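Notes to accompany the following structure.
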Amino acid sequence: MTLVYLIIIPLIAGIVSWVSARKNPVWPRWIALSALFAQMLIIISLWIGHSIELNSAHNGVWIASVDLTWIPQLGIGFRLAMDGLSLLMVALTSILGMAAVICSWTEIKDGVGFFHFNLMACLSGIVGVFLAMDLILFYFFWEVMLVPMYFLIGIWGHENRIYASIKFFIFTQAGGLLMLMAILGLYFIHGSITGAYTFNYFELLETPLSAWSSMLLMLGFFAAFAVKIPVVPFHTWLPDAHTEAPTAGSVILAGLLLKTGAYGLIRFILPLFPSAAHTVAPVAMMLGVIGIIYGALLAFAQTDLKRLVAYSSVSHLGFVLLGVFAFNELALQGAVMQMICHGISTGALFIIVGALQERIGSRDLNRMGGLWASIPRISAVGLVFALASLGLPGLGNFVGEFLVLLGVYSVSPWMTVPAAMGLVLAVIYSLRIVGKAFYGCSDDRSRIQDLWPREALLMAGMILAILWLGLFPQAVLNTVEPALKAIQEKAGSMSYKSGQAAVYTDILSYFQTSQVVTETQRNGQNR
Amino acid sequence: MLDLLWLIPALPILGFLILALAGSRLSRKVQSCVGVGSVGFAAVLSSAISISFIVFPPPHYQYDQTLWNWISIGNFSPTIGFHLDALSVCMILVVTVVGFLIHLYSVEYMADDEGFSRFFAYMNLFVASMLVLTLADNLLLLYLGWEGVGLCSFLLIGFWYKEPDNIKAATKAFVITRIGDTSMAIGLFLLFNELGTLQIQELSVRAAQQWVVGSTTPMIAAALLLGGALGKSAQLPLQTWLPDAMAGPTPVSALIHAATMVTAGVYLIARMNVLFTLAPMVQSAVAIIGLATLLLAGFSALAQNDIKRVLAYSTISQVGYMFLGLGVGAWSAAIFHFVTHACFKALLFLAAGSIILASGHEQNMFKLGGVRSKLPVTFWTFLIGASSLASIPLVTDGFYSKDMILWQVWSSPTGGFWLWLGGVFGALLTSLYAFRMVFTACFGPAKTQLKHRSSNIIHIPLIILAILSIVVGFVELPHNIGNFHLFSDFLNSALPSFQADKIDTNNELALEIIAGISCFLGILISYVFYFKRPEYPERFFGGCVSQKIHSLWQSGWGFDWIYDSVFVRPFVRITRLNRNDFIDSFYALVSFVTTSLHKGLSLTQTGRLRQYALGISIGAVLVLLILVWL
C-alpha cells in the first residue's frame, strides 16, 4: 500500500491546502512542503530497505507493488509497481516538488490555495505515471498531470500565458490520443490472440505481435512520448510553455514532465515493441542527435533567459533519446543519469531565472549584466548550474552525457561524433548566460536582494545533489541497474562488431543488423 | 609517506572550499593565509613525497592509490585513483612549488583588488585540478582535471569581469579548448571500445599487445588525443586563445598560461607515449605542428608591443619546442624543457607583472623603460629570465633543455636536419624577441613613471625563481659537457629512453656552437636595433610591404580573422536568423488555417433566414446534380 500513499499524499495535501488558504495564505505552502517531505521519507525508507534486500539476495527487480481490482469486466486494474527506475523518478519528483513549493513562496501571491492544489495534483499525477503498471491507469495519470499544468501556466503564467497553455495542451493531447489508440490496439490484439482481455502491463509484455502491427502500435506510443520529451520537430510547445509558466511550473515541466516521456520510452517502447524499436532506432537516434544540435543552436540565439534554458532542455533531452535507442547498458544507464541530473540542474536554472525576474523584473539578457557585483550568491549558484549544463566533469550531467556517448560509440561512432559536438555548443550557450547576465558592468543594482536564507538552503541542497551525482554516481547506477537489465533482456541489444569494422559502422548498417537483433531476441526468449 | 598522496590535491581543494564558502567573512590576512598556505603545504608535502619516492622507491617506481570507485558499469570502471611515477613526481613538484611562489607573489599583486578571496579561491581550485590531471591513473579522471583547469582558466581570464573584452577572451579560451577536449573525449570513447579500459597503465599494455605499429586504429586514437593536446597547449591551429588570455591578472598568466596548464598537452602526449609510438605518422605530425607553431609564434612575438603578449607568443613558441621534442621521441627532453620553461617563464611573467604594477598598469613596452635603475631586483631577475628564454649557453637552464631537444631532434631516426634547422632558427627568433623586450622595457629613460616600490613579498618569489632558472639546468648535462643525466635517468623509469640512431660527440659540440651563435646573433641584432640605434627598425622596415608583414605578424598571422569570418560570424548570423525556430512556423500555419476556416465558416452564420434557405436550396440542387450525373 506504500505506493498508493505516494500518490495519495500529495493529492490530499493539495485539497487540504486549497481549503486552508482561506484561513491563512501561508498554510498551503507549509502543508504542501511537509506532505512532500513525508513522501520523501517514504521513498528513502523504501530505498534503504531495498538496498539491504539487494545485498542479501537478488529477488527480482520489483521493490514494491499493489494490485487492486478496479474495472475487472474490462481487464482494468489498479496496478502499481516500483522498480529501481521508478524509485529514482519518484524521488526526483519529490525533490523537485519541494523545490517548486519553495521557489514560489514569494512569487505566487494570488490564489495561493488553488495554485498549490494544482501543483500537488500535478505531482501526484506524475508519481502515478512512474508507478502505473496498467495501461489504462497509466493513461489516466498521463492526463491527470496535464490538466493542472494547463491551469498553472494559464492562470499564474506571464504575458503570453493563454497562447502557451493552449499550445501545450493541444500538443500533449494530440500525442496522448495516439497513445490511447495504440493502447486499445494492443489490448484487442492481445485479447484476440490469447483470449484474455487485459490492460495489465506484465501480461501485455508477452503479446506476440506481427512486425507491422508492432510498428504501428509503437509509433502510437512514440508520438505521445516524443511530444513530451520533446523530440525535434515536436518540440515547439516547450519553449513557449516553459517561458510563460510560473517558476514552479517551469521546474515541474522541465524537471519532471519531460522525464515522463523518456520514462515511457524505457518502460513501454523498449520492452513492449522490441523489434519495432530496433527498426526505428537509427531514425530515433538521428532525431536525438538533431535535437542535441538544433536545441543548442536555438538556445544560443535567444535573448530571453528563460527561453534559452528551455531550448537547452531540448538539447539535453536529445542525449536521453540517443542513449535509450542505443540498446546497451552504458547508454541506458547514461540516459537515466542524464534524466535525473537534467531535472536538478535545469530545475535549478529555472529557479535562478525566476529569482532574477522577481528581483529585476526582466528575463531579457540584454537588460541584465553585472549581477555578480550586486548579487554574488545568486550569480555563483547560476555559474555552478551553467557549468553543470555544459557538462563539466565532477557534476552529474557529465556522467550522464559521457555514458550515453560512450555507449552509443560502441554501436555507431558516426552518431557519437556529431552528438559530441553538442558538448562544444553547450559551452557556447551556457557561457553566454554567465557572460551576459552575471559578468559585465551594472548601472545601479546595489539594492537588489541576494538569496533569501530559504532559497540559499534550497540551492545548497541542489548543488550538493549535483556534486554527489557527479562524484558518487554509483548509488544511483546500482539502484537502477536491475530494472534496466530486465528491460534490456526484453529489448535485446544492438550487436557490437568488434575491431576495425566498428569504427566504420555506418548508419545504413543498422538495417542490416536488424536481422541479427531479432536473432538475439529470440535467444533471449528461449532463455 | 606515499599514502599521503591524496592530501596533495585535497589541500588546495580545502583551501578553495574555505574561500568559496566563507571567504567574504574572513579578513584579508586569513584569506591570504588560507589561499597561500594550502598550496604551500601541498608544496611541502609533494617535496617530501618526492624525496621519499626517490630515496625509497616503491616497486617498479610506481605507486597507486585508489580512493573510491567512481563509476562501475560492466567493465567500465574508472576510479578516483592516483598514480605516482617519475613523470607525475616532476609534474606535481613543478605545479606545487611554482604554484606556491606565484600564490605568494599574488598576495602583494592583488592586494588592492576587491575580489581578493575570489581570486585565491579560483587559484586554489586551479592547482587542485592541475594536480588531479597529473596524478590521475585513468583517462576519465584525467579528463576531469583537464576540464577543471579549463574552467579555472576561464574564471581567471574573466576575473575582472566588468570589462567586456575580458569576458570575450575568457569565453574564447574555454570554447576553443573545448573543441580540443571534445576530440579528446571521442578519443576516450574509441580507446575504451577497442581496449576495454581507461586505466592508463593497463591501456598502454593492451595497446602494445593488440595493435601493430602504424595500423589505423591507434592512428585515429592518437590523432583524437592530439586534438585535445593542441587545444590545451595552444598549438596550431588552436593557438588563438592564448594571446587573448593575457586579459587575466598577471599571476594567472604566469601560473596557468605559462608554467602549468598550457603544458597539459605535453603531459598527455608523454603519458600516452605508447599510443603515440604505435602511430608514427601522428607522432611526426606532433613534431611538424610543434615546429610550425614555434616559428609562427616566434615571428608574432617579434611584432608585439604589449609585454604580456610577447610573453604569450613566446609561451606558444616554447611549448612548440616541447611538441617538437615529443614528436621525435625525445620524451625526457620535452619534460625537461617543461620544467625549465615553468621556472623561467613564471619568472618572466612575475617580473613583468612587477613592472606593470610599478608603472600603473602600462603594458606597452615602448612606453616603459628605466626599469634597470628604478627597479633593480625586478630588472636583474627579468634579465635572468630573458637569458634563460634566449638560452644563453652554459649559464642558463633554458640552454640545457633546449639543447637537449635540438640534439635529440638532430639524432633521432624520425628527426633530422630540417627539423633541427627550424629549431635553431626558432632559437634565433627567441633570443631576438627576448632581448628586444629587455632593451625596450628595461633600458633607456623611464617613459612612464614607476611609482610602486615592490615589497619583499614580490621580491622573494622573483629571486627564488631566478635561482631556479639557473640551477635547474644542471640536473641534466650534455654528453660532452659534464655528461650528467640525473633527470633523464630518473624519468626513464616512467618514459621510454631516447633512441638515437647516430651518437657523435664531435657533431654535438658543433651543434651546440651553432645554437650558441644563433642565440648571440639574436641578442646582437636586438642590441643594435632596439638599444644602439632605435631609429633602425623604422628606417629599415618602414616600407609598405614590411608594414603589411608586421601587422600580419602582430595579428598572429590572421588566424583570428579567418576563424571569425569562417566560423564565428556565420554561426552567429545563422542562429540569429533562426531565432524564432522555423519549425514553429509550420505549426503556426496549421493554427492559422484552422482559425481562418473557423472565421470563414462563422461568416456564414448570419442569422438571416433568406441566406440559410438559399444555402439549403443550392445544396440540394448540387446533391441532386451529383446523384443524376454519377
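The values are calculated or read from the model by the stated rules, or taken from the named source; none is laboratory data. These figures come from a predicted structure and were not determined experimentally. Virtual Cβ from ideal backbone geometry, glycine too; neighbours counted across all protein chains shown. These accessible areas exclude ligands, DNA and RNA; they are computed on the full protein's heavy atoms, side chains included. Shrake-Rupley method; radii C 1.70, N 1.55, O 1.52, S 1.80 Å.
Of the residues making up the stretch B:230-240, just one is under 16 Å from B:Ala259 (Cα atoms) and either among the charged types (D, E, K, R) or surrounded by fewer than 24 Cβ atoms within 10 Å (Cβ to Cβ) (or both), namely B:Lys232.
So which of A:Phe327, A:Phe350 is outside any helix (DSSP H, G or I), assigned by TED's automatic domain parsing to the domain that holds A:Trp414, open to solvent by less than 10 Å² (accessible area, probe 1.4 Å) and touching a residue at least 60 places away in the same chain (Cβ under 8 Å)? The unique qualifying residue is A:Phe327. Listed here are the helices (runs of 4 or more DSSP H) enclosed by the stretch B:361-471 that have at least 1 residues being among the hydroxyl-bearing types (Ser, Thr, Tyr), under 23 Å from B:Leu291 (Cβ atoms) and touching a Leu at 6+ places or on another chain (Cβ under 9 Å): B:376-389, B:397-411, B:417-442. Looking at the stretch B:214-229, is at least one residue within 8 Å of another protein chain (Cβ to nearest Cβ) and crowded, with 21+ Cβ neighbours inside 10 Å? Checking the stretch B:214-229: at least one residue is within 8 Å of another protein chain (Cβ to nearest Cβ) and crowded, with 21+ Cβ neighbours inside 10 Å. The conditions of being at pLDDT below 90, more than 7 Å from every other protein chain (Cβ to nearest Cβ) and either open to solvent by less than 10 Å² (accessible area, probe 1.4 Å) or outside any helix (DSSP H, G or I) (or both) are met by A:Gly369. Being in a helix (DSSP H, G or I) and modelled with pLDDT under 90, is that true of even one residue in the stretch A:295-312? No - not one qualifying residue is present in the stretch A:295-312. Within the stretch A:373-387, is even one residue under 22 Å from the mean Cα position of the chain (by Cα), buried (at least 23 other Cβ atoms within 10 Å of the Cβ) and within 9 Å of another protein chain (Cβ to nearest Cβ)? Checked the stretch A:373-387: at least one residue is under 22 Å from the mean Cα position of the chain (by Cα), buried (at least 23 other Cβ atoms within 10 Å of the Cβ) and within 9 Å of another protein chain (Cβ to nearest Cβ). For the stretch A:268-288, check the following and say yes or no: at least one residue is open to solvent by 10 Å² or more (accessible area, probe 1.4 Å), under 18 Å from the mean Cα position of the chain (by Cα) and either within 11 Å of chain B (Cβ to nearest Cβ) or closer than 20 Å to A:Ser412 by Cα (or both). Yes; the residues of the stretch A:268-288 include at least one that is open to solvent by 10 Å² or more (accessible area, probe 1.4 Å), under 18 Å from the mean Cα position of the chain (by Cα) and either within 11 Å of chain B (Cβ to nearest Cβ) or closer than 20 Å to A:Ser412 by Cα (or both).
Mind listing whichever residues of the stretch A:125-178 are β-branched (Val, Ile, Thr) and under 22 Å from B:Val590 (Cα atoms)? Passing the criteria: A:Ile162, A:Ile166, A:Ile170, A:Thr172. A single member of B:Thr595, B:Thr606, B:Thr575 is without any contact (Cβ under 8 Å) to a residue 60 or more places away in the chain, away from every other protein chain (no Cβ under 14 Å) and of a type in the set (S, T, N, Q), and it is B:Thr606. Residues that are hydroxyl-bearing (Ser, Thr, Tyr) and assigned to a loop (DSSP other than H, G, I, E, B): does the stretch B:494-502 have at least one? Yes, the conditions are met somewhere in the stretch B:494-502.
Out of the residues in the stretch B:142-165 that are open to solvent by 20 Å² or more (accessible area, probe 1.4 Å) and in contact (Cβ under 8 Å) with a residue 24 or more places away in the chain, state the one that is farthest from the other protein chains (Cβ to nearest Cβ). Step by step, filter the stretch B:142-165, then rank; the result is B:Asp165.
Residues in the stretch B:101-131 that are within 19 Å of the chain's Cα centre (by Cα) and surrounded by fewer than 24 Cβ atoms within 10 Å (Cβ to Cβ): B:Leu125 alone. For the stretch B:291-306, the criterion of being within 18 Å of B:Ala390 (Cβ to Cβ), in a helix (DSSP H, G or I) and modelled with pLDDT under 90 is satisfied by at least one residue.
May I ask you to verify whether B:Ile616 is β-branched (Val, Ile, Thr), in contact with a Ser or Thr (Cβ under 7 Å, 6 or more places away or on another chain) and assigned to a helix (DSSP H, G or I)? Against the criterion (β-branched (Val, Ile, Thr), in contact with a Ser or Thr (Cβ under 7 Å, 6 or more places away or on another chain) and assigned to a helix (DSSP H, G or I)), B:Ile616 does not qualify. Between A:Ile108, A:Ile162, the distinction of being more than 30 Å from A:Ser275 (Cβ to Cβ) and open to solvent by less than 40 Å² (accessible area, probe 1.4 Å) belongs to A:Ile108 only.
The set of residues from the stretch A:289-304 being more than 17 Å from A:Thr243 (Cβ to Cβ) and more than 9 Å from chain B (Cβ to nearest Cβ) comprises A:Val289, A:Ile290, A:Gly291, A:Ile292, A:Ile293, A:Ala296. Residues in the stretch A:200-218 that are of a type in the set (Phe, Trp, Tyr) and farther than 19 Å from A:Ile487 by Cα: A:Trp212 alone.
Pairing residues of the stretch B:56-82 that are away from every other protein chain (no Cβ under 14 Å) and open to solvent by 60 Å² or more (accessible area, probe 1.4 Å) with residues that are part of a strand (DSSP E or B) and not basic (Lys, Arg), at Cβ distances under 6 Å and at least 6 apart in sequence or on separate chains, gives B:Asp64/B:His83.
Is it the case, given these coordinates, that A:Leu405 is open to solvent by less than 10 Å² (accessible area, probe 1.4 Å), within 10 Å of chain B (Cβ to nearest Cβ), of a type outside the set (S, T, N, Q) and touching a Gly at 6+ places or on another chain (Cβ under 8 Å)? Yes, satisfied. In the stretch B:192-213, of all residues being among the hydrophobic types (A, V, I, L, M, F, W, C) and within 10 Å of chain A (Cβ to nearest Cβ), the one that is surrounded by the most Cβ atoms within 10 Å (Cβ to Cβ) corresponds to B:Leu198. Being assigned by TED's automatic domain parsing to the domain that holds A:Asn118 and at pLDDT below 90 is a property that holds for A:Thr194. The residues listed here are B:Arg271, B:Arg309; of these, the one that is under 30 Å from B:Ile460 (Cα atoms), in contact (Cβ under 8 Å) with a residue 12 or more places away in the chain and either among the charged types (D, E, K, R) or in contact with an Asp or Glu (Cβ under 8 Å, 6 or more places away or on another chain) (or both) is B:Arg309. Scanning the stretch A:222-249 for residues that are within 13 Å of another protein chain (Cβ to nearest Cβ) and either among the aromatic types (Phe, Trp, Tyr) or in a helix (DSSP H, G or I) (or both) yields a count of 8. Residue check: is A:Arg454 in the same structural domain as A:Thr247 (by TED's automatic domain parsing), farther than 30 Å from B:Arg25 by Cβ, basic (Lys, Arg) and open to solvent by 20 Å² or more (accessible area, probe 1.4 Å)? Judged against the criteria, A:Arg454 is not a match.
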